[in-house]
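Contents: one structure, followed by commentary.
The values are calculated or read from the model by the stated rules, or taken from the named source; none is laboratory data. Being a predicted model, the structure only gives us computed values, none of them experimental. Reconstructed Cβ throughout: ideal geometry from the backbone, glycine too, with neighbour counts over all protein chains shown. SASA here: full protein model, heavy atoms, side chains in, ligands and nucleic acids out. Shrake-Rupley method; radii C 1.70, N 1.55, O 1.52, S 1.80 Å.
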Amino acid sequence: PGRAKRLMLSQLFQPLNLQGEAAGEGKAGEPTCRSQKLMLQAGLIHPSSPGCYSYMPPTVRAMEKLIKVMDEEMQAVGGQKLNMPSLSSAELWRASGRWDRMGPELFRLVDRHGKGYCLGPTHEEAVTELVASQSNLSYKQLPLRLYQITRKFRDEPKPRFGLLRSREFYMKDMYTFDSSEEAAHQTYGLVCGAYCSLFNRLGLPFVKVQAATGNIGGTMSHEFQLPADVGEDRLLLCPDGHFAANVETLNKEQTLCPMCKGKLSQTRGIEVGHTFYLGTKYSSVSNAVFCSPDNKPQLAEMGCYGLGVTRILAASIEVLSTEDNIRWPSLIAPYQFCFIPPKKGSKEEKEGAVLMEQMYDDVAEALPHLAGDSVLDDRTQLTIGKRLKDANKLGYPYVIIAGKRVCEDPPVFEIWNQNTGEVLFLTKEGVIELLSKAQVP
């Protein structure tokens with residue numbers, strides 16, 4: 001209890017390599033991208049084996065904030081959170097036909113009793129089996145909207161671009177069960193709306209495009225894409241926003257918008273979300289039925305909805321950052337505030353260091369919901385300019401500096417607001433008022 005302990009940058013487990021090439025960035029000749037380079041240099045991720053990374057404490061903080069926003073959006077549309085095992089029985093996957101269809105992308109293993117399993121890349125089979133095991137499910141209990149946020153596994157032939165295409169990643173996957181096709185389409189619209197709301201809250205420039213159903217199946221599918229040069233998907237967009245599709249869904253001749261006949265423009269995108277209307281494709285295999293109003297068993301109509309958690313983190317850095325400086329969606333920045341005290345040996349040192357620590361504590365006290373969101377850059381052997389440059393690279397939304405004017409009466413602090421690009425000079429009260437605008441989930 002009592003005062004929050006100040007978090008010192010020198011004690012943060014975030015091995016910075018802001019000067020040079022990032023360690024383990026990729027063997028010579030391997031393609032890298034902006035987010036991978038920036039995340040490695042900022043000590044946000046550390047490669048452990050091809051396509052697998054350790055996420056450092058600041059990254060976990062950003063991920064936890066992102067998950068909080070996802071939880072809010074999923075629960076707003078009636079989502080209930082559960083958690084299913086990563087190990088999925090081969091029998092389930094054989095029954096749906098995907099054990100063979102997924103080919104070498106599945107990580108497969110056999111236990112000591114000779115039973116086959118895969119590490120789940122997705123959980124349609126498992127969740128349908130779970131719902132099917134509820135033998136007395138009534139239409140009154142529908143719709144069911146079940147989701148989880150968990151590790152997924154895919155044996156990528158060529159993992160690359162850091163967290164954009166890895167073998168082990170976090171995903172939010174929701175599975176819905178409705179009493180009719182009409183109700184399932186209503187759910188589909190609701191969840192797509194929640195995805196739009198999520199990306200708008202993060203301030204990400206997304207497009208929703210028509211997509212192929214691929215290995216998941218079903219009859220209708222959309223992707224949520226962030227336009228980016230490094231994206232692996234090719235998209236065709238109507239300049240007036242009437243139409244957007246992944247190229248793989250169109251015939252080669254299509255160059256005009258089917259609605260307004262305007263010329264479609266081509267761009268590349270990073271897929272960060274995917275929605276599918278499945279119908280009874282999986283419920284018919286597992287016999288996931290509910291009891292209809294006239295007391296007859298009826299197959300549930302299903303949908304599934306994915307959001308790449310770790311991919312959104314990397315993709316947002318990819319599209320918002322400059323070549324040298326990370327820019328987070330400010331809602332999910334690992335830390336909102338970086339405090340920079342005077343340089344050791346400067347004439348402001350004695351007074352400024354005390355005032356800066358006091359400022360740190362006052363912010364924590366005045367804004368308790370942001371108390372864990374501050375870092376004090378205690379590397380006072382470095383100049384303020386050098387530490388400010390590093391703070392820019394790391395993407396803190398607000399940087400508070402005890403510079404030349406900290407010895408005035410009253411003391412004046414220099415504030416860099418990364419969201420607006422403004423530099424302000426404020427007294428303590430002004431600083432607290434400005435920082436109170438910072439948003440966390």
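Could you identify the single residue in Ser166, Ser180 that is at pLDDT 95 or above and more than 26 Å from Lys37 (Cα to Cα)?
Values: Ser166 fails: more than 26 Å from Lys37 (Cα to Cα).
Selected residue: Ser180, the only one of Ser166, Ser180 that is at pLDDT 95 or above and more than 26 Å from Lys37 (Cα to Cα).
Residues that are closer than 15 Å to Leu367 by Cβ, in contact with a Phe, Trp or Tyr (Cβ under 7 Å, 6 or more places away or on another chain) and either among the β-branched types (Val, Ile, Thr) or outside the structural domain of Leu370 (by the TED database) (or both): does segment 385-398 have at least one? Talk me through it step by step, then tell me what you get.
Going through segment 385-398, the residues closer than 15 Å to Leu367 by Cβ turn out to be 397-398.
Within this subset, residues satisfying the condition of being in contact with a Phe, Trp or Tyr (Cβ under 7 Å, 6 or more places away or on another chain) are 398.
Going one step further and asking which of them are either among the β-branched types (Val, Ile, Thr) or outside the structural domain of Leu370 (by the TED database) (or both), we end up with none.
Looking through segment 385-398, none of the residues is closer than 15 Å to Leu367 by Cβ, in contact with a Phe, Trp or Tyr (Cβ under 7 Å, 6 or more places away or on another chain) and either among the β-branched types (Val, Ile, Thr) or outside the structural domain of Leu370 (by the TED database) (or both).
For the condition crowded, with 21+ Cβ neighbours inside 10 Å, out of contact with any Leu (no Cβ under 6 Å at 6 or more places or on another chain) and either without any contact (Cβ under 8 Å) to a residue 60 or more places away in the chain or within 15 Å of Thr150 (Cα to Cα) (or both), what is the one hit in Met84, Met70?
Values: Met84 fails: crowded, with 21+ Cβ neighbours inside 10 Å.
None of the others qualify; the one that does is Met70.
Hey, can you tell me all the residues within segment 235-280 that are more than 30 Å from Leu163 (Cβ to Cβ), touching a strand residue (DSSP E or B) at 6+ places or on another chain (Cβ under 8 Å) and of a type in the set (D, E, K, R)?
Lys263
Right, Lys115: open to solvent by 70 Å² or more (accessible area, probe 1.4 Å) and free of Cβ contacts under 8 Å to residues at least 24 places away in the same chain or not? Break it down stepwise before answering.
Numbers: open to solvent by 70 Å² or more (accessible area, probe 1.4 Å): yes; free of Cβ contacts under 8 Å to residues at least 24 places away in the same chain: no.
No: the conditions fail for Lys115.
Can you pull out every residue in segment 408-426 that is surrounded by 16 or more Cβ atoms within 10 Å (Cβ to Cβ) and touching a Lys or Arg at 6+ places or on another chain (Cβ under 8 Å)?
Pro411, Val412, Phe413, Glu414, Gln418
In the set Ser138, Ser180, which member is in contact with a Cys (Cβ under 6 Å, 6 or more places away or on another chain), of a type outside the set (A, V, I, L, M, F, W, C) and over 30 Å from Gly103 (Cα atoms)? Please lay out each step first, then the result.
Values: Ser180 fails: in contact with a Cys (Cβ under 6 Å, 6 or more places away or on another chain).
None of the others qualify; the one that does is Ser138.
Search segment 391-404 for residues being surrounded by fewer than 22 Cβ atoms within 10 Å (Cβ to Cβ) and in a helix (DSSP H, G or I), and hand back the single one that is farthest from the chain's Cα centre (by Cα).
Selected residue: Lys404.
Out of the residues in segment 192-220 that are out of contact with any Gly (no Cβ under 8 Å at 6 or more places or on another chain) and at positive phi, which is surrounded by the fewest Cβ atoms within 10 Å (Cβ to Cβ)?
Applying the filter and picking the extreme gives Gly214.
What do you reckon, is Leu382 more than 18 Å from Tyr335 (Cβ to Cβ), assigned to a loop (DSSP other than H, G, I, E, B) and at pLDDT 95 or above? Before you say what the answer is, go through the steps one by one.
Values: more than 18 Å from Tyr335 (Cβ to Cβ): yes; assigned to a loop (DSSP other than H, G, I, E, B): yes; at pLDDT 95 or above: yes.
So Leu382 fits the description; yes.
One line per residue, one yes/no per condition, for (1) closer than 22 Å to Ser283 by Cα; (2) buried (at least 18 other Cβ atoms within 10 Å of the Cβ):
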| position | (1), (2) |
| --- | --- |
| Gln80 | yes, no |
| Glu91 | yes, no |
| Gly103 | no, no |
| Leu146 | yes, yes |
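Please work out which residue is most open to solvent (accessible area, probe 1.4 Å), limiting yourself to segment 259-304 and to residues that are in a loop (DSSP other than H, G, I, E, B) and touching a His at 6+ places or on another chain (Cβ under 8 Å). Break it down stepwise before answering.
The initial filter retains those residues of segment 259-304 that are in a loop (DSSP other than H, G, I, E, B), namely 259-262, 264, 280-282, 287-288, 292-296, 300.
If we keep only those that are touching a His at 6+ places or on another chain (Cβ under 8 Å) as well, we get 259-260, 262.
Details: Met259: 133, Cys260: 52, Gly262: 20 Å².
Across segment 259-304, the extreme among qualifying residues is Met259.
Taking interchain pairs and intrachain pairs at least six residues apart, which have beta carbon atoms under 7 angstrom, with the first residue in segment 384-400 and under 15 Å from Pro341 (Cβ atoms) and the second of a type in the set (A, V, I, L, M, F, W, C) and part of a helix (DSSP H, G or I)?
Within 7 Å, the pairs are Val399/Leu388; Val399/Ala391; Ile400/Met359; Ile400/Val431.
When you scan segment 350-390, how many residues do you find that are under 17 Å from Asn419 (Cα atoms) and open to solvent by 40 Å² or more (accessible area, probe 1.4 Å)?
1
Could you check how many residues of segment 325-371 are closer than 30 Å to Leu40 by Cα, part of a loop (DSSP other than H, G, I, E, B) and not small (Gly, Ala, Ser)?
Of the residues in segment 325-371, 12 are closer than 30 Å to Leu40 by Cα, part of a loop (DSSP other than H, G, I, E, B) and not small (Gly, Ala, Ser).
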